[in-house]
Ligand code: CTP
């Protein structure tokens, strides 16, 4: 039995990047031999084992046959006669299809090293088309390896996959997993561009793809280009995932023919439901889409308007989410690192309003319970007015 380090670890080492996980491929072994050597099998049908002491993953070299469209439609074939090259040829990209032997030598049958040097994402073989997740992976890698470009033949293959509906079979969890990882990379705009250019975006996130379908004469025609800049700005400023997702989806209604006031938040909901976006990301995106314009006008809002804004955002119970939304709004209106006085204004207003002791108000009105919410609200408005007057001085 021989084992090799494969995949991302080899790629990253050759790029001089820190290596996180080591994946191994084992050639010439049976599952029984692996278990006899102390490896623990992972899962039932998957020929992967955990090393007895390092707990790194060791997969038996395998070939894959496709049985049905989409992500779950694979049958794995692994036996001790499957060669390393047969295993590597079924991988996604040449830069991910290299192996490192125990003596340190690199096995590179598909010129992954050349493509690394030339900064090219190129698929290894037609097997790429068997797994539509690979389109998302490539797009995510484009956001990370920012000076790489997609080989023309790989671009053509991805276009075909999108046209033929392969992408429609992606399970929502995988779409979110890859999109969210891509958003956390250095230049998320490149992920969106790759998906847009191959036609996958129109299938996965049609609401977003619509931003690029505006006629040049439409007032929203530049919305897509602006969004890409904002996304990279958000990444550069180190915004977290919910904030980056909120930036991605803040203006989905710009792609609609006749956008309406609440359309943006409704579209956020539709997207989140479809790709199963986690609650924290969904909620921040929803309030950002709905409220960012109000935030941008903070200077003209009355104390009453501000408290109403806090109430709509549930900011008294979730102040941090509100602060996070302000950061997303800053990114949307002028830049994540630019001065955004609205943030200070609304932050100090929120602090003042939170300073109101709602419990004390409630105790005073113990006999007139129905009046409590109104009284708390008025006390908060008064606190916001007081802090605004102080700021003006
Ligand atoms: N792989 C593939 N097709 C997929 C997923 C994975 O061909 N849909 C192969 C690639 O060879 C990849 C390896 O499995 O390099 C390991 O996959 P994974 O650990 O998911 O990704 P990495 O390439 O290591 O990338 P990352 O740095 O993002 O973890």
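Every number in this text was worked out from the coordinates using simple rules, so none of it is lab data. Note that this is a predicted model, so its numbers are computed, not measured. Note that each Cβ is placed from the backbone with ideal geometry, even for glycine, and that neighbours are counted across all protein chains shown.
If you run the Gaussian network model on the chain, springs between alpha carbon atoms under 10 Å, then out of 64, 207, 371 the most flexible one is 371. Roughly what angle does helix 263-274 make with the longest principal axis of the chain, taking Cα atoms, 0 to 90 degrees, to the nearest 10? That helix lies at roughly 30 degrees to the long axis. Relative to the longest principal Cα axis of the chain, at what angle does helix 223-236 sit, 0 to 90 degrees, rounded to 10? Rounded to the nearest ten degrees, it is 80.
Expressed as a fraction of 2.2 N^0.38 Å, the rule-of-thumb size for a compact globular protein of N residues, what is the C-alpha radius of gyration of the chain? Don't jump to the answer; show the numbers that get you there.
Details: Rg = 26.2 Å, N = 393, 2.2 N^0.38 = 21.3 Å.
Rg over 2.2 N^0.38 Å, computed on Cα atoms: 1.23.
Largest mean-square fluctuation among 57, 173, 33, in a Gaussian network model of the chain whose springs join Cα atoms under 10 Å apart, belongs to 33. Could you tell me the center-to-center distance, by alpha carbons, between segment 89-149 and segment 330-392 in angstrom? Each part's Cα centre sits 53 Å from the other's.
A crude spin-label estimate for the pair residue 308 and residue 119, with each label 7 Å from Cα along the Cβ direction, gives 5.1 nm. The slack between residue 173 and residue 318, meaning 0.36 nm per residue of separation minus the straight C-alpha distance, is 49.5 nm.
Shown here: segment 8-163, whose C-alpha atoms stretch 46, 38, 23 Å along the first, second and third principal axes, sorted largest to smallest. Between helix 188-198 and the chain there is an angle of about 60 degrees, using the helix long axis and the longest principal axis of the Cα atoms.
Computed from label points 7 Å out along Cα-Cβ, the spacing between residue 343 and residue 300 is 2.3 nm.
With the gyration tensor restricted to C-alpha atoms of segment 312-393, the semi-axes of the equivalent ellipsoid amount to 30, 15, 8 Å, longest first. Subtracting the Cα-Cα distance of residue 23 and residue 156 from 0.36 nm times their residue separation leaves 44.9 nm of extension gain. Cα centroid distance between segment 181-228 and segment 153-168, in Å? Centre-to-centre distance over Cα atoms comes out at 17 Å. Between the beta carbons of residue 351 and residue 56, assuming R0 = 51 Å, the FRET efficiency works out to 0.55 to the nearest 0.05.
Annotation for segment 259-322 versus segment 3-64: alpha-carbon center distance of 45 Å. Each 5 Å bin, from zero up to the one with the longest distance, holds this percent of the alpha carbon pairs of segment 217-364: 2, 9, 19, 21, 20, 14, 8, 4, 2, 1, 0, 0.
The ranking of 333, 55 from fewest to most other beta carbons within 10 Å of each one's beta carbon is 55, 333. Computed from label points 7 Å out along Cα-Cβ, the spacing between residue 390 and residue 293 is 3.3 nm. The fewest-to-most ranking of 103, 233 by surrounding Cβ atoms within 10 Å reads 103, 233. Relative contact order (percent) for the chain, with alpha-carbon contacts under 8 angstrom and 6 or more residues of separation? This gives 9 percent for the chain. Over the chain, dividing the summed -39,500 (n - 2.57) contributions of all DSSP H runs of at least 4 residues by the number of residues returns a 222 nm mean residue ellipticity of -15500 deg cm²/dmol.
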